[in-house]
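The values are calculated or read from the model by the stated rules, or taken from the named source; none is laboratory data. Keep in mind that what you see is a predicted model, and the values were worked out from it rather than measured. We place every Cβ from the backbone using ideal geometry, glycine too, and count neighbours over all the protein chains shown. Surface areas here come from the heavy atoms of the whole protein model, side chains and all, with no ligands, DNA or RNA. Shrake-Rupley method; radii C 1.70, N 1.55, O 1.52, S 1.80 Å.
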Amino acid sequence: MVVNFPLACNVCGCKIRMRYQVSEDKCPVNFLCPNCKTTISGTMQTIWHYGNEDKEKFPWHYNFQFNNATKVENDDCEDCEFVMEVSSDLLVSNIKRNEDSDLISPFIRCVSKCGNKITQTSRFYNFLSRWNKEWNDIKVNLDLCHNEMYDTLLKRFPKTYDKIFPRDINAILTTHQQLINFCNKILPKDTLHEFIKLNNRIITLKSQQPENFEKFTSIFDLTYVKDNERKLLHLIKSFIDMYPLFLPVFTSLSFTDVNGMGISTLNFEKLKSFYHDSYELILHILPQIIALNNISTRNDINNFMGNIVDFESKINSYTSKYKIYDDLLDRKEKFSWLITDRITNHIRNSIGHFNYEESPIDQTITFTDKHKGKINTFTKTLLEVARDCIYMFYSLINLLELNYDLLKILSIDSVKASANG
């Protein structure tokens, strides 16, 4: 069922007909006024009068709360200039002028465009229910871990951690395990199976190539890996915190025909910090992947696709992290799958220098990257950028698991070295 009501921008007075796909879940709303580009945000929800149906005129009412906009009380949509569809869990049609709109609901439109694929998304809805119940407690643990409050953190966990590790490592490892168990339902299928293979591959490298692995761990030591694990946990937390806003993007990941469709729960302001920070952290950890590829593929950490040179000297010779990604990451090699191919320096640079423009009508973002007199301008839809963020989230999870494996190995080695020393 779809409910129509008029909304007026508080800044310019533009009237927008809101077409709300009714849902019991609280529906976040984030979009730009199509006239003045003011950010309009808020929530919409259907409140059912369970048990009081015979006492109420209607068995439900709608709760609308908006920033920078006001619901027009007369409910007359005839003089609205634009139409904005709203759904908590489905893609919606891009904003249209009132005279160009149709009567098709977001649900019917998704079914007609995507067929039975819409029935393959129950795990994302189920995760939202779990998110509502468990996320706040898990988020506290992630914050404690990031702030290095390890003793406080361990008091919140059952006494199930491994006594072989120091308390700080135990706290990080246990937080990691809780997070992966929590979010595995929204990860690509077979992710956990791939993580088992990843762990076995690391153990095999350590046993079969001890000299190369020792060189690897001298560069990427316990302090480095521990610090990365904390950073990854913190950044992943910022993404999962936005999960309700990303629900329409998750439920449509398998859809190929999304022409003219957009998102009512997100705007670019919600995405850009995560994209920028993920880009930086992924490329910061990238040399680990390069080193593991060199060892596993060419049996030499210093062998860069046939060019033998000291590993640290080669990496440090680059002034651009993205150039390392572009030059040294071979997609065919064993550890390259950990990093998404969706990242681009042009988007990162545009965000970093505030050189982008968002169109509220068709939800496109025009990025402009200026560097040494060269100007690169290109356009992506908000939905495309949101999908990129999901794949970057997947990469962060992959790198988190890699650091988890290394953290265990390095911690055990450190404990053994202390015992023998």
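Every condition in (1) closer than 21 Å to LEU232 by Cβ; (2) within 26 Å of the chain's Cα centre (by Cα); (3) surrounded by 12 or more Cβ atoms within 10 Å (Cβ to Cβ) holds for LEU154 except the one numbered (2). Residues in the range 308-327 that are closer than 19 Å to MET392 by Cα and of a type outside the set (Lys, Arg): TYR322, ILE324, TYR325, ASP326.
Within the option set CYS183, CYS110, being open to solvent by less than 10 Å² (accessible area, probe 1.4 Å), under 25 Å from TYR20 (Cβ atoms) and part of a helix (DSSP H, G or I) holds for one residue only, CYS110.
Please find, within the range 253-285, the residue that is nearest to ASN345 (Cα to Cα) out of those that are in contact (Cβ under 8 Å) with a residue 60 or more places away in the chain and among the small types (Gly, Ala, Ser). The qualifying residue nearest to ASN345 (Cα to Cα) is SER278.
Here is the figure for the range 371-387: residues that are surrounded by fewer than 21 Cβ atoms within 10 Å (Cβ to Cβ), over 22 Å from LEU192 (Cα atoms) and in contact (Cβ under 8 Å) with a residue 40 or more places away in the chain total 1.
Within the range 257-308, the set of residues being among the acidic types (Asp, Glu) and closer than 16 Å to TYR391 by Cα comprises ASP277, GLU280. Residues in the range 58-75 that are assigned to a loop (DSSP other than H, G, I, E, B) and modelled with pLDDT under 80: PHE58, PRO59, ASN74, ASP75. ILE169 meets each of the listed conditions (1) under 26 Å from the mean Cα position of the chain (by Cα); (2) open to solvent by 10 Å² or more (accessible area, probe 1.4 Å) apart from (2).
One line per residue, one yes/no per condition, for (1) under 24 Å from LYS226 (Cβ atoms); (2) open to solvent by less than 60 Å² (accessible area, probe 1.4 Å); (3) not charged (D, E, K, R):
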residue	(1), (2), (3)
ASN293	yes, yes, yes
ASN303	no, yes, yes
ASN307	no, no, yes
ASN316	yes, no, yes
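Annotation note: Cβ proximity below 7 Å between a residue of the range 179-198 that is at positive phi and of a type in the set (Ser, Thr, Tyr) and a residue that is open to solvent by less than 40 Å² (accessible area, probe 1.4 Å) and not in a loop (DSSP other than H, G, I, E, B) (sequence gap 6+ or interchain) occurs for no pair.
Only one of the listed residues (ILE361, ILE365, ILE397, ILE390) is in a strand (DSSP E or B), closer than 30 Å to ASN259 by Cα and either open to solvent by 20 Å² or more (accessible area, probe 1.4 Å) or modelled with pLDDT of 95 or more (or both). That residue is ILE365. Screening the candidates PHE165, PHE157, PHE216 for the property of being of a type in the set (Phe, Trp, Tyr) and part of a helix (DSSP H, G or I) yields one hit, PHE216. Considering the range 31-57, and only residues there that are of a type in the set (S, T, N, Q) and within 27 Å of the chain's Cα centre (by Cα), the residue that is modelled with the lowest pLDDT turns out to be GLN45. If you go through the range 232-266 and keep only what is open to solvent by 10 Å² or more (accessible area, probe 1.4 Å), of a type in the set (A, V, I, L, M, F, W, C) and part of a helix (DSSP H, G or I), you end up with LEU235, LEU245.
When GLU229, GLU269, GLU194, GLU211 are checked against the criterion of being of a type in the set (Asp, Glu), out of contact with any His (no Cβ under 6 Å at 6 or more places or on another chain) and surrounded by 19 or more Cβ atoms within 10 Å (Cβ to Cβ), GLU229 stands alone in meeting it.
Residues of the range 211-239 that are closer than 14 Å to HIS176 by Cα and either more than 27 Å from the chain's Cα centre (by Cα) or touching a residue at least 12 places away in the same chain (Cβ under 8 Å) (or both): VAL225, LYS226, ASN228, GLU229, ARG230, LYS231, LEU232, LEU233, HIS234, LEU235, ILE236, LYS237. Checking each residue of the range 113-135 against the condition of being at pLDDT below 90, among the hydroxyl-bearing types (Ser, Thr, Tyr) and touching a strand residue (DSSP E or B) at 6+ places or on another chain (Cβ under 7 Å) gives no match.
Has the range 345-354 got at least one residue that is assigned to a strand (DSSP E or B) and open to solvent by 60 Å² or more (accessible area, probe 1.4 Å)?
Within the range 345-354, none of the residues are assigned to a strand (DSSP E or B) and open to solvent by 60 Å² or more (accessible area, probe 1.4 Å).
For the range 76-107, residues that are among the charged types (D, E, K, R), surrounded by 18 or more Cβ atoms within 10 Å (Cβ to Cβ) and either modelled with pLDDT under 80 or within 14 Å of ARG17 (Cβ to Cβ) (or both) total 2.
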